[in-house]
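All remarks here apply to the structure that follows.
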Amino acid sequence: MAPTGSRRSGYSRRAQYNLFTGYVIAGAGALVGAILLALSFFQPQLFGGLRGAAHESVSPATETAATVRTGSKGFWDTITGYYRAGSKNAALQREMEIARIRLAEAAAVKQENARLKGLLGLSDSEVKPVAVARLVGSTSSSTRRFAYLGAGSDQGVAIGMPVRSPRGIVGRILETSSNSARVLLLTDTESVLPVRRAKDEVVAFAEGRGDGLLRIKLINLGINPLKPGDVFVTSGAGGYYPPGIAVAIVTEITDDGGLARIVSDPAATDFVSVEPIYEPDAAIGAATPIERELGD
Amino acid sequence: MERNDPRSRSDAYGSRINRSHSPLLANVVPWVSIVIGSILPIFPIAAALPMIPPLGLLMLLGWRLVRPGLLPVWAGMPLGFVDDLYSGQPFGFAILTWSLVMLAIELIETRLPWRAFWQDWFTAGILILAYLVTGWLFSGGQPTIHSLVALVPQLVITILLFPVAARLVATLDRLRLHRWRAV
């Protein structure tokens with residue numbers, strides 16, 4: 001396209017000054033941006049209030065979109081359910097009969113567990129979720145993997161609380177405002193989660209790789225005991241997450257552990273629950289630098 | 001004369017008799033469309049990869065390259081501020097990069113005043129590449145090689161979407177200059 005004449009200011013002083021001021025403001029803008037960027041590297045939570053207010057201003061739209069998304073997913077599931085319904089039904093019935101038997105066995109184990117705990121004098125209290133809400137959005141164009149939750153500090157949500165779906169861990173609360181919160185998803189490169197193998201005591205860290213997979217880093221190096229298909233659950237170390245919640249399934253073995261796929265895909269979940277921090281004292285202790293002593 | 005040709009007294013922007021442009025619409029449409037582009041990517045839930053193109057930047061490039069002279073050079077600062085509130089990058093990233101994008105296009109325009117569309121597309125592609133790689137580098141997280149590989153689909157989609165954004169901008173521009181107001 002042909003250039004517009006607006007850049008040629010000619011002899012008009014006013015036009016010349018306008019043009020010059022434009023360039024000055026643009027350069028100053030870039031400079032301000034660089035300063036803000038450097039500030040938010042050292043203090044990532046500094047602009048959390050602004051971001052929270054911005055998200056709450058569009059929350060009617062994001063809430064509606066989340067409702068429609070989960071609703072339409074159910075609609076598609078209904079339609080795809082009709083495809084090969086007969087054979088699927090037979091397979092499901094076989095599976096359910098086995099599951100019923102296993103459930104009865106599990107009930108027996110649970111009963112025995114309660115009895116043994118009673119003998120040891122351990123109390124077994126049910127953890128009540130702080131809030132139940134929808135994931136209303138995510139940063140889908142950024143390299144970072146954040147999701148936005150439709151509940152905030154007004155509902156009791158606080159920084160550090162684990163977020164889970166019925167299938168497993170989704171992430172951790174990173175920032176809260178009054179009616180929305182930002183969730184650090186497990187797949188983010190900054191997310192590290194202490195895990196253990198479900199069937200034994202192989203402990204590891206699950207780190208996000210930034211491409212949708214988790215990297216399982218074993219703590220005890222040696223012969224790699226992992227196999228594809230191993231399920232990892234939270235170990236409870238660190239104090240943030242309660243132990244025994246499903247996290248990931250190993251798909252590939254590497255030298256120091258493996259690569260795993262997350263169990264609970266945030267895009268497929270309807271409602272998620274925010275749970276209180278499992279052991280707040282341990283979490284504070286883990287966050288305190290070694291040089292500083294913990295008070296009583 | 002109207003009997004022979006009903007459109008004889010109108011042009012692409014509507015009737016030329018007793019109709020006028022809406023100053024509000026003419027000024028507001030570019031800015032609002034870019035802000036909407038910044039907000040849209042928060043709606044889908046992407047847990048694995050950055051799948052959605054940076055639509056705000058795409059609209060900014062569209063308006064700047066398809067309609068030069070409409071957005072001022074400093075437009076990157078206020079629009080980048082809005083983008084920063086929604087994008088998930090560290091605050092200040094879009095203010096910096098969008099300002100630099102506007103300055104870079106200004107520079108290119110002084111060097112190459114006469115351009116064809118494919119040259120604009122090339123410019124936009126280079127700027128999108130630089131923007132996404134800078135975003136990967138300054139995301140606030142660990143810039144791993146895997147997250148760089150995960151960036152490739154988004155990069156390809158964004159570059160391929162530029163012509164669509166340019167057509168959308170052209171449509172919005174016709175809407176912007178339509179003679180809505182009766183005088």
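General remarks:
- Among residues of the range B:26-43 being in contact with a Lys or Arg (Cβ under 8 Å, 6 or more places away or on another chain) and not small (Gly, Ala, Ser), the one that is nearest to the other protein chains (Cβ to nearest Cβ) is B:Pro30.
- Within the range B:76-87, considering residues that are surrounded by 24 or more Cβ atoms within 10 Å (Cβ to Cβ) and more than 7 Å from chain A (Cβ to nearest Cβ), the one farthest from B:Pro44 (Cα to Cα): B:Leu79
- Output for the range B:111-142, where each listed residue is part of a loop (DSSP other than H, G, I, E, B) and surrounded by fewer than 16 Cβ atoms within 10 Å (Cβ to Cβ): B:Leu112, B:Pro113, B:Trp114, B:Ala116, B:Gln142
- Filtered residues of the range A:184-203 (kept if in a strand (DSSP E or B), in contact with a Gly (Cβ under 6 Å, 6 or more places away or on another chain) and either without any contact (Cβ under 8 Å) to a residue 60 or more places away in the chain or surrounded by fewer than 19 Cβ atoms within 10 Å (Cβ to Cβ) (or both)): A:Leu184, A:Pro194
- Identity of the residue in the range B:53-75, surrounded by fewer than 21 Cβ atoms within 10 Å (Cβ to Cβ) and either farther than 17 Å from B:Leu127 by Cα or of a type in the set (Lys, Arg) (or both), that ends up nearest to the other protein chains (Cβ to nearest Cβ): B:Gly69
- All told, A:Glu63 meets the bar of being of a type outside the set (Ser, Thr, Tyr), in contact with a Gly (Cβ under 7 Å, 6 or more places away or on another chain) and not assigned by TED's automatic domain parsing to the domain that holds A:Glu279.
- Any hit, the range B:112-129, residues being out of contact with any Pro (no Cβ under 7 Å at 6 or more places or on another chain), hydroxyl-bearing (Ser, Thr, Tyr) and more than 8 Å from chain A (Cβ to nearest Cβ): yes
- Every test in (1) within 12 Å of another protein chain (Cβ to nearest Cβ); (2) under 19 Å from A:Leu46 (Cα atoms) is passed by A:Ala181 save one, and that test is (1).
- The listed residue being farther than 20 Å from A:Val272 by Cβ and either modelled with pLDDT of 90 or more or of a type outside the set (S, T, N, Q) (or both), out of A:Leu149, A:Leu213, A:Leu193, A:Leu184: A:Leu213
- Check on B:Pro90, outside any helix (DSSP H, G or I), within 12 Å of chain A (Cβ to nearest Cβ), at pLDDT below 95 and surrounded by 15 or more Cβ atoms within 10 Å (Cβ to Cβ): yes
- Hits in the range B:93-110 (condition: buried (at least 24 other Cβ atoms within 10 Å of the Cβ) and within 7 Å of chain A (Cβ to nearest Cβ)): B:Phe93, B:Ile95, B:Leu96, B:Ser99, B:Met102
- The sole residue among A:Leu213, A:Leu226 that is within 14 Å of chain B (Cβ to nearest Cβ) and surrounded by 16 or more Cβ atoms within 10 Å (Cβ to Cβ) is A:Leu213.
- Among residues of the range A:246-270, those that are small (Gly, Ala, Ser) and closer than 17 Å to A:Val202 by Cβ, counted: 5
- For the range A:26-52, the set of residues classified as facing another protein chain (nearest Cβ under 8 Å), within 25 Å of the chain's Cα centre (by Cα) and of a type in the set (Gly, Ala, Ser) consists of A:Ser40 only.
- Total residues in the range A:176-196 satisfying the condition of being within 14 Å of A:Gly150 (Cβ to Cβ) and touching a strand residue (DSSP E or B) at 6+ places or on another chain (Cβ under 9 Å): the figure is 5.
- Candidates in the range A:208-236 are the residues that are assigned to a strand (DSSP E or B) and of a type outside the set (A, V, I, L, M); of these, the one that is nearest to B:Trp136 (Cα to Cα) is A:Gly208.
The values are calculated or read from the model by the stated rules, or taken from the named source; none is laboratory data. These numbers come from a predicted model, not from an experiment. As a convention, Cβ positions derive from the backbone with ideal geometry for all residues, glycine included, and neighbour counts pool all protein chains shown.
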